[in-house]
Amino acid sequence: AVWAPISLATIAGVLLKAGFTCHLADGIVEGLDTTRLLERFRRLRPRLAVINTATPSIVSDLALAGDLKKAFPGMVTLAIGIHPSALPEEALRMAPDLDAVVRGEPEITIREAAERIQQGQKLAGLPGLSLRQGKEILHGPEREPAELDAFPFPAWHLVQRELYRLPFRDRPFLLLATSRGCPYTCAFCADATYYGRRFRQKSPERIVKELDWIKTKFGITDFLFWAESFTLKRDWTLAVADAIIASGLKLDWVCNSRGDHVDAELLARLKAAGCWMIGFGFESGSQKMLDLMGKKTTLEQHRQAVLLAKAAGLMVTAHLVLGYPGETAATIQETIAFARSLPLDYAQFYCAVPFPGSELYRRAKAEGWINTPDWSRFEQNFSVLDLPGLKAEEVMAWRRKAFRQFYFRPGRVLHTLNQNASPAALKNLWRMAAQFQDWIA
């Protein structure tokens, strides 16, 4: 599924509350090339542009700053995202027309930047901002994380909501940010670069209010609860579920979790509140690899999590990573066998990617394992790590084999068809299967 741009929508909500005029475009999903994008904003004569970027698209995303500067002289261009947060100086050097990078959580920094621009004040020294000033790059102090209940609702009215649809179900859905921050230190994860390690959550009352507002205003009843892990704080997770149940809202939603943070009571309560699927970040089916990753979980905890979730009536997706340092053909086979041994509904196999901001990036760069300077290859369909004894091409071949061995079993095919029995779902499944077959062949 393509996710709606929740960071930009939240920033827009904060700016609108502060009295600014805001517009939002998702160029990829809306099919906008640079010409059409500039044409859309030409009559508005904007003074500030916020570019949301990620590692695979950072070169083309930041190149947009130059096009914006030519079209709107005097405009200030800012970039947000994990990659520029981790490598602010590199991002600014990559794009000469980019004025500044927001490091970490962007909303308050961008609101204060907009206020300074409006008042004709300089941006230098703004907390959370790395700024180009002549040939120098100036870094403002770190910014303290915000309290999430203080944010207004995301400006979803600025987004073409019908373009973001659930796979198989083919219904519009939106993200609801329930919390930010994760205290765990998994070596492959860069999320703490953006939201930090301190776990912060919205109150159950605020979450219900936001769900009700979206349902009432936009008619959307399908949600992805967006968090590093929705079940990090058991009492809070139960309180959210109870608040949804008490509200009487009839909603369908999915969430994610670690394998060591669920139990029968909690999963039953999630199901009663409208959760229909939970995604577990298992990462590997090899205990050796889990230990190397710093996951701090066991295979038995993961197995029990799946069994408990299925007993509660939930669909289950497992997320698994191949090609992390220390991986061998034998540990990959362990992961495939582990996935096949579980009553999963879906399994996603990814390549381990050294995203900037992660410990894996720092280590891979120091060891010389990264085999390309091309940022567009840094996404989880590709491996860019040539490890001792396991090359990137081998990892990608194993990934294709993992999908074949998991999904192309008679019982698995029938299970997938049964889970997607409606005509619309079967049509989407057929289209996705055709693309999938071309890829794994």
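The values are calculated or read from the model by the stated rules, or taken from the named source; none is laboratory data. Here the structure is a predicted model, which is why all the values come from computation and not from measurement. Quick reminder, even Gly has a Cβ in these numbers, built from the backbone with ideal geometry, and neighbours come from all protein chains shown.
Looking at (1) in contact (Cβ under 8 Å) with a residue 40 or more places away in the chain; (2) not in a helix (DSSP H, G or I), which is the one condition that is false for V254?
It is condition (1) that V254 fails.
Restricting to the range 321-334, what's the tally of residues that are crowded, with 22+ Cβ neighbours inside 10 Å and of a type in the set (G, A, S)?
1
Out of K69, K17, which single residue is closer than 27 Å to L148 by Cα, touching a residue at least 12 places away in the same chain (Cβ under 8 Å) and either basic (K, R) or in contact with a Pro (Cβ under 7 Å, 6 or more places away or on another chain) (or both)? Write out each step before concluding.
Working: K69 fails: closer than 27 Å to L148 by Cα.
Criteria check complete, one pass: K17.
Out of H83, H157, report the one residue that is modelled with pLDDT of 95 or more, assigned to a helix (DSSP H, G or I) and either crowded, with 21+ Cβ neighbours inside 10 Å or hydroxyl-bearing (S, T, Y) (or both).
Numbers: H157 fails: either crowded, with 21+ Cβ neighbours inside 10 Å or hydroxyl-bearing (S, T, Y) (or both).
Result: H83 is the single residue among H83, H157 that is modelled with pLDDT of 95 or more, assigned to a helix (DSSP H, G or I) and either crowded, with 21+ Cβ neighbours inside 10 Å or hydroxyl-bearing (S, T, Y) (or both).
Consider A113 carefully, then state whether it is farther than 22 Å from P73 by Cβ, touching a residue at least 60 places away in the same chain (Cβ under 8 Å) and crowded, with 18+ Cβ neighbours inside 10 Å.
no
Being assigned to a loop (DSSP other than H, G, I, E, B) and among the charged types (D, E, K, R) is the filter here, so list the residues in the range 135-154 that pass it.
K135, E142, R143, E144, E147
Can you run down the residue pairs with Cβ atoms below 7 Å, 6 or more apart or on separate chains, where the first is in the range 21-40 and over 16 Å from S57 (Cα atoms) and the partner is among the aromatic types (F, W, Y) and modelled with pLDDT under 90?
Hits for this filter: H23/F41.
Would you point out which residue out of G19, G31 is more than 23 Å from the chain's Cα centre (by Cα), exposed (fewer than 12 other Cβ atoms within 10 Å of the Cβ) and assigned by TED's automatic domain parsing to the domain that holds T77?
Result: G19 is the single residue among G19, G31 that is more than 23 Å from the chain's Cα centre (by Cα), exposed (fewer than 12 other Cβ atoms within 10 Å of the Cβ) and assigned by TED's automatic domain parsing to the domain that holds T77.
When the residues of the range 282-316 are narrowed to those that are buried (at least 21 other Cβ atoms within 10 Å of the Cβ) and not hydrophobic (A, V, I, L, M, F, W, C), which ends up nearest to the chain's Cα centre (by Cα)?
E283
Out of the helices (runs of 4 or more DSSP H) lying entirely within the range 174-250, which hold 3 or more residues that are touching a residue at least 12 places away in the same chain (Cβ under 8 Å) and farther than 26 Å from A364 by Cα?
Those helices (runs of 4 or more DSSP H) span 204-218, 234-247.
Considering only the range 162-200, state which residues are surrounded by fewer than 21 Cβ atoms within 10 Å (Cβ to Cβ), touching a Gly at 6+ places or on another chain (Cβ under 9 Å) and charged (D, E, K, R).
D191, R197, R198, R200
Criterion first (in contact (Cβ under 8 Å) with a residue 40 or more places away in the chain, out of contact with any Asp or Glu (no Cβ under 7 Å at 6 or more places or on another chain) and either in the same structural domain as C182 (by TED's automatic domain parsing) or assigned to a loop (DSSP other than H, G, I, E, B) (or both)) does G104 satisfy it? Before you say what the answer is, go through the steps one by one.
Numbers: in contact (Cβ under 8 Å) with a residue 40 or more places away in the chain: yes; out of contact with any Asp or Glu (no Cβ under 7 Å at 6 or more places or on another chain): yes; either in the same structural domain as C182 (by TED's automatic domain parsing) or assigned to a loop (DSSP other than H, G, I, E, B) (or both): yes.
Judged against the criteria, G104 is a match.
Among the listed residues I370, I332, identify the single one that is under 20 Å from G281 (Cβ atoms) and either at pLDDT below 95 or not charged (D, E, K, R) (or both).
From the options I370, I332, the qualifying one is I332.
A quick yes/no check of all residues on (1) out of contact with any strand residue (DSSP E or B) (no Cβ under 7 Å at 6 or more places or on another chain); (2) more than 28 Å from V321 (Cα to Cα):
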position: D260; (1), (2): yes, no
position: D263; (1), (2): yes, no
position: A273; (1), (2): yes, yes
position: F282; (1), (2): no, no
position: S286; (1), (2): yes, no
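So, in the range 266-295, exactly how many residues are in contact with a helix residue (DSSP H, G or I) (Cβ under 8 Å, 6 or more places away or on another chain) and either part of a helix (DSSP H, G or I) or free of Cβ contacts under 8 Å to residues at least 12 places away in the same chain (or both)?
Qualifying residue count for the region: 9.
Output the number of residues of the range 335-387 satisfying the condition of being among the polar types (S, T, N, Q) and surrounded by fewer than 15 Cβ atoms within 10 Å (Cβ to Cβ).
So the count comes out to 4.
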